[in-house]
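The values are calculated or read from the model by the stated rules, or taken from the named source; none is laboratory data. A quick note: this is a predicted structure, and the numbers were derived from the prediction, not measured. When we count neighbours, we look across all protein chains shown, and the Cβ atoms used for this are built from the backbone with ideal geometry, even at glycine. Areas reflect the complete protein model, heavy atoms only, side chains present, ligands, DNA and RNA absent. Shrake-Rupley method; radii C 1.70, N 1.55, O 1.52, S 1.80 Å.
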Amino acid sequence: MRVVTTIKEVREQVKEWKMQGFSVGFVPTMGYLHEGHQSLIDAAVKQNGRVIVSIFVNPAQFGPTEDLECYPRDLDHDKKLCEEAGAGMIFHPSADTMYDRQASTTIANELLSNALCGKTRPAHFSGVCLVVSKLFHIIAPDRAYFGQKDAQQLVIIKRMVKDLNIDIEIIGCPIIREEDGLAKSSRNIYLSQEERKAATVLYRALQQAKKTLDAGETKAEKIRQQMVDMIQTEPRAVIDYVEVVDQERLMPLINIEEGALLAVAVSFGKARLIDNMMYS
Ligand code: AMP
């Protein structure tokens with residue numbers, strides 16, 4: 001598996017592939033890859049001649065008290081997974097390669113970054129937008145793949161490419177889960193055995209909400225409260241938010257008429273987990 005660390009190398013490779021007539025798919029990640037990431041690479045391999053996976057734990061999207069230093073890393077495992085999934089190259093830059101010390105340009109989404117996760121992670125999405133737009137400029141892929149697991153991120157990236165006229169097709173991919181419903185996440189490694197068990201309550205709460213919606217309930221607050229009640233049956237769960245919002249602007253809904261995004265962020269010990277369901 002070819003791993004390149006410089007911008008020059010990745011640009012040269014992409015140029016060569018494009019001259020050979022290959023389309024290029026791109027999967028941005030922070031590494032410590034699992035089946036969720038793999039599903040994105042699989043989708044990219046199906047739709048493109050060549051696929052690049054970036055592995056970069058982006059300092060700009062971590063708050064000062066967050067887990068930047070201890071975020072899990074395992075490049076050997078990631079190389080194997082990328083190889084087996086059929087990716088053509090890994091781009092694994094250092095923070096110094098990505099960020100010039102004098103850099104002062106920012107990219108922020110004023111509206112969408114303040115909702116949901118943005119309330120407790122105020123600089124997170126400007127960090128995401130900055131790194132993703134830089135990676136888009138470096139790689140210039142035809143298509144880029146993002147997980148529905150990070151629903152707010154996907155909405156913001158789609159908005160960003162529209163707002164900035166970036167000519168890259170953004171493809172959203174479904175959430176991959178463990179057998180008991182827990183959404184796969186690199187951060188699941190932080191969970192103790194008891195927390196791991198308790199964390200299944202997120203999926204159970206989303207499933208219960210779906211049932212209630214299927215039965216005809218339209219009041220968003222009823223659905224939200226039902227999810228809160230279920231999550232609170234787990235004493236280890238510390239709720240950051242439980243929200244029912246519209247799927248494009250991420251604004252809280254009163255009535256659920258044309259669908260909704262049910263989104264939760266809950267900590268179990270030192271693992272802050274997010275999960276969601278698009279209901280339509
Ligand atoms: P991360 O490495 O956590 O930044 O994630 C990189 C990409 O993988 C993002 O687009 C995530 O939404 C996606 N991803 C992470 N976990 C999952 C999952 N369980 N199912 C689908 N996509 C995922």
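Of all residues in region 229-269, how many are within 15 Å of Lys197 (Cα to Cα) and either of a type in the set (D, E, K, R) or open to solvent by 10 Å² or more (accessible area, probe 1.4 Å) (or both)?
The number of residues fulfilling the criteria is 10.
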query = Quick check: anything in region 181-193 among the small types (Gly, Ala, Ser) and modelled with pLDDT under 95?
reply = no
Sole exception among (1) more than 27 Å from Phe125 (Cα to Cα); (2) touching a residue at least 40 places away in the same chain (Cβ under 8 Å); (3) buried (at least 21 other Cβ atoms within 10 Å of the Cβ) for Arg50, by number = (2)
ask   = Which fully enclosed helices (runs of 4 or more DSSP H) of region 29-128 have 2 or more residues being within 15 Å of the ligand (Cβ to nearest atom)?
value = 35-47, 75-85
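Out of the residues in region 1-16 meeting the condition of being in a helix (DSSP H, G or I) and surrounded by fewer than 19 Cβ atoms within 10 Å (Cβ to Cβ), tell me which one is nearest to the ligand (Cβ to nearest atom). Show your work before the answer.
Initially, region 1-16 is screened for residues in a helix (DSSP H, G or I), giving 7-16.
Pick out the ones that are also surrounded by fewer than 19 Cβ atoms within 10 Å (Cβ to Cβ) and you get 7-9, 11-12, 15-16.
Numbers: Ile7: 20, Lys8: 25, Glu9: 22, Arg11: 22, Glu12: 25, Lys15: 25, Glu16: 26 Å.
Among those that are in a helix (DSSP H, G or I) and surrounded by fewer than 19 Cβ atoms within 10 Å (Cβ to Cβ), it is Ile7.
Every residue, every condition in (1) more than 14 Å from the ligand (Cβ to nearest atom); (2) within 23 Å of the chain's Cα centre (by Cα); (3) of a type outside the set (A, V, I, L, M), yes or no:
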{"residue": "Glu169", "(1), (2), (3)": "yes, yes, yes"}
{"residue": "Pro174", "(1), (2), (3)": "no, yes, yes"}
{"residue": "Ser186", "(1), (2), (3)": "no, yes, yes"}
{"residue": "Val201", "(1), (2), (3)": "yes, yes, no"}
{"residue": "Ala205", "(1), (2), (3)": "yes, yes, no"}
{"residue": "Ala209", "(1), (2), (3)": "yes, yes, no"}
{"residue": "Glu217", "(1), (2), (3)": "yes, no, yes"}
{"residue": "Glu221", "(1), (2), (3)": "yes, no, yes"}
{"residue": "Arg224", "(1), (2), (3)": "yes, yes, yes"}
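I want to confirm something. Restricting to region 158-195 and keeping residues that are among the small types (Gly, Ala, Ser) and part of a loop (DSSP other than H, G, I, E, B), which single residue is nearest to Lys270 (Cα to Cα)?
Taking the candidates together, the pick is Ser192.
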query = With respect to Lys18, is the statement that it is of a type outside the set (Val, Ile, Thr), under 29 Å from Ser185 (Cα atoms), out of contact with any Leu (no Cβ under 7 Å at 6 or more places or on another chain) and free of Cβ contacts under 8 Å to residues at least 12 places away in the same chain true?
reply = no
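Criterion first (in contact (Cβ under 8 Å) with a residue 24 or more places away in the chain, within 16 Å of the ligand (Cβ to nearest atom) and among the hydroxyl-bearing types (Ser, Thr, Tyr)) does Tyr241 satisfy it?
Considered against the rule, which asks whether it is in contact (Cβ under 8 Å) with a residue 24 or more places away in the chain, within 16 Å of the ligand (Cβ to nearest atom) and among the hydroxyl-bearing types (Ser, Thr, Tyr), Tyr241 comes out as no.
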